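Reading through the structure tokens given below for one structure.
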Amino acid sequence: MVTSTFTTRSGNPNLNPSYTDNLRLAFALKSKFTIATSYSHAKNVITDLRTRDPQNQITNSFKTNLSSYRNIGFNESYSNKIFKILQLNYGLGLSLKNHLFQSIYLQNWFELCTVTDPLI
């Protein structure tokens, strides 16, 4: 699909589905104080990539599987009604994300750009 003079979009028949596993544990005390921890792991993360043909300067955008990631999080919150019309809410969250880039995804990306894309 041509979106402008120098930009195109194309599909990716080799795109794999992305799956995410999630785990969350939480503890609440008297409905006021809550602590929670979470873990998620995603495989075959779908992302947008762009390539540019150096001869005609046309940029092609397409979706591809590029990486997987892990996320570990910790949250705490506190909620308390101070007056009849005023409520105090407090929250704190920490998160650590780790993206894992694998060479097979990049190899498939280069093959897709050079073999199946007629514009490049």
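Once a ≥ b ≥ c are taken as the square roots of the eigenvalues of the Cα gyration tensor of segment 40-82, is the result rounded (a/c under 1.5), prolate (a/b larger than b/c) or oblate (a/b not larger than b/c)? Note, shape of segment 40-82 comes out prolate.
Loop-located trypsin sites (Lys or Arg not before Pro) in segment 1-91 (DSSP state not H, G, I, E or B) with no more than 11 neighbouring Cβ atoms inside 10 Å: K30, K84. With neighbours defined as other Cβ atoms within 10 Å of a residue's Cβ, the residues D21, D53 order from fewest to most as D21, D53.
Label segment 1-79 by shape, choosing from rounded, prolate and oblate, from the square roots a ≥ b ≥ c of the eigenvalues of the Cα gyration tensor; if a/c is under 1.5 it is rounded, and otherwise prolate applies when a/b is larger than b/c, oblate when it is not. Intermediate values should be presented prior to the final figure.
On the way: a/c = 4.55, a/b = 2.99, b/c = 1.52.
Because a/c hits 1.5 or more and a/b exceeds b/c, segment 1-79 counts as prolate.
Candidate cross-link partners of K30 among the lysines, defined by an alpha-carbon separation under 25 Å and a same-chain spacing of 8 or more, comprise K81, K84.
The numbers here are math on the coordinates, done by the rules we state, and not lab data. Bear in mind the structure is a predicted one, so any value in this text is a computation, not a measurement. Positions of Cβ are generated from backbone atoms using ideal geometry, with glycine treated the same way; all protein chains shown enter the neighbour counts.
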